Structure formats: C-alpha cells, structure tokens
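K.L.:
Pasting in a structure now, in structure tokens, and then I'll have a few things to ask.
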Amino acid sequence: MDFSFEGDGATAEPKSGKGDMAAMACPEVNDPPKYTVKGTPYFLPDKKKPQSTWLLPRQTVSWTVTGSHTFTWDIGASAEAEAGAILAKAKVSVDTKISNAWTWTGTQTVTDTNTTSKGYRAVLGQVGWKLTGTKTWIAPPCTVKKKTIVVLAPRKGDMSIGRQNS
C-alpha cells in the first residue's frame, strides 16, 4: 500500500528570516512539504498482558483471551504532528480502521499451529500497520531536505497470534 499527499504547511520547517536573500531566489522554500507513505501490515504484541510460547513444528497453541487489551501507536521522538497527518491520510486512503489507540474488549479464543519446518515464538497481540513516511521539503537556500517518520498504528479488530523468529 502506497500513497502520497501534500502537507498543509503547518508542519513545514521554519521559514527564513526577514533579511535572508537566498529565500527570495528560491520561492519553493514556501511550498508545503510533500509526504510519500508506504504501509505494510505489522503485528503489535500485547505489551500490557503479554502471552507467548515457543512452538516447534506441528505444535499448536490456544489461548482464551478475556478482558481489555489496549494498543496505542508507536512513533519516533518529536514526530507526533507529522504522524497525526500520516495517520489521518492513511485512514482515508487505506484502512478506515487504523487509529492512534484501540482497546479490544471481550472474550475470544485464538489458536495457532506451526505448519513450518522451524520453531518460532507465538505472541498474543493484534495486526496493525507500519506506515513509513518520507517528508520532503525545500529549506533555505534551495536545499532539498528529507525526513523519515515511522508510525506503528493499531487497527480495530480481533486479537490474534503473531510469529517472531527469536
């Protein structure tokens, strides 16, 4: 899943000072930033009530999950404003069930059988999205700048079992 959008200018880098002549030679400095986003499904382990076990080939695990499990987005430092813009566009472009926080409540039985030839760790959690955004803007004096923003966002849905190799 890929999409792109133009920022509103609110998250743009600071404009040059009043006496900066280089900005006049490069009007693109005032353009809003552009974002290119790639998204892939991503498993979010349940950190508050962790459950996991090692599964060898042909083994099965089954857990009955009850109560409340909360998943929140995970973002890099100082990227919350940009992460919010990426998440808002992803909800429109890709998956309306993406959110910055999601609480699953109820009772459910989840099962996983290792059908591979190698062992892995089965982990209780929920499938969400890994959104990797690249912000591109022009900074004085006409310098192209890029910043990568990674957002791990939950998706409203049932609990599941994910696989980790280590």
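K.L.:
For region 77-116, which whole percent of the accessible surface, found with a 1.4 angstrom probe, sits on carbon and sulfur atoms?
P.N.:
Here it works out to 52 percent.
K.L.:
How much net charge surrounds residue 6 when only the other residues with a Cβ under 9 Å from the Cβ of residue 6 are counted, with Lys and Arg +1 and Asp and Glu -1?
P.N.:
Local charge sum for residue 6: -1.
K.L.:
Let me ask something additional. Which lysines, on any chain, are close to residue 49 with Cα under 19 Å apart, when same-chain ones fewer than 8 places away are left out?
P.N.:
Cross-link targets: 156.
K.L.:
Here's another thing I want to ask about it. Under the rule of -39500 (n - 2.57) per DSSP H run of 4 or more residues, summed and divided by the residues of the chain, what mean residue ellipticity at 222 nm is obtained, to the nearest 500 deg cm²/dmol?
P.N.:
-3500 deg cm²/dmol
K.L.:
Among 60, 148, 72, which one shows the highest mean-square fluctuation when the chain is modelled as a Gaussian network with alpha-carbon springs under 10 Å?
P.N.:
Checking each option, the largest mean-square fluctuation is seen for 60.
K.L.:
Starting from the Cα gyration tensor of region 86-165, take the square roots of the eigenvalues, sort them a ≥ b ≥ c, and report rounded, prolate or oblate (rounded when a/c is under 1.5, otherwise prolate if a/b is larger than b/c, else oblate).
P.N.:
Oblate shape, in that a/c is at least 1.5 and b/c is the bigger or equal ratio.
K.L.:
Further question: Once the Cβ-Cβ distance between residue 47 and residue 142 is put in as r, and R0 is 35 Å, what FRET efficiency do you end up with, to the nearest 0.05?
P.N.:
For R0 = 35 Å, the calculated efficiency reads 0.20.
K.L.:
Summing +1 for each Lys or Arg and -1 for each Asp or Glu, what net charge is found among the other residues whose Cβ lies under 11 Å from the Cβ of residue 122?
P.N.:
Summing Lys/Arg as +1 and Asp/Glu as -1 gives +1.
K.L.:
Measure of size requested: the Rg and Dmax of the chain, with Cα atoms as the atom set and Å as the unit; please supply both.
P.N.:
20.9, 71
The values are calculated or read from the model by the stated rules, or taken from the named source; none is laboratory data. Note that this is a predicted model, so its numbers are computed, not measured. Reconstructed Cβ throughout: ideal geometry from the backbone, glycine too, with neighbour counts over all protein chains shown. Heads up: the accessible areas ignore ligands, DNA and RNA and are worked out on the full protein's heavy atoms, side chains in. Shrake-Rupley method; radii C 1.70, N 1.55, O 1.52, S 1.80 Å.
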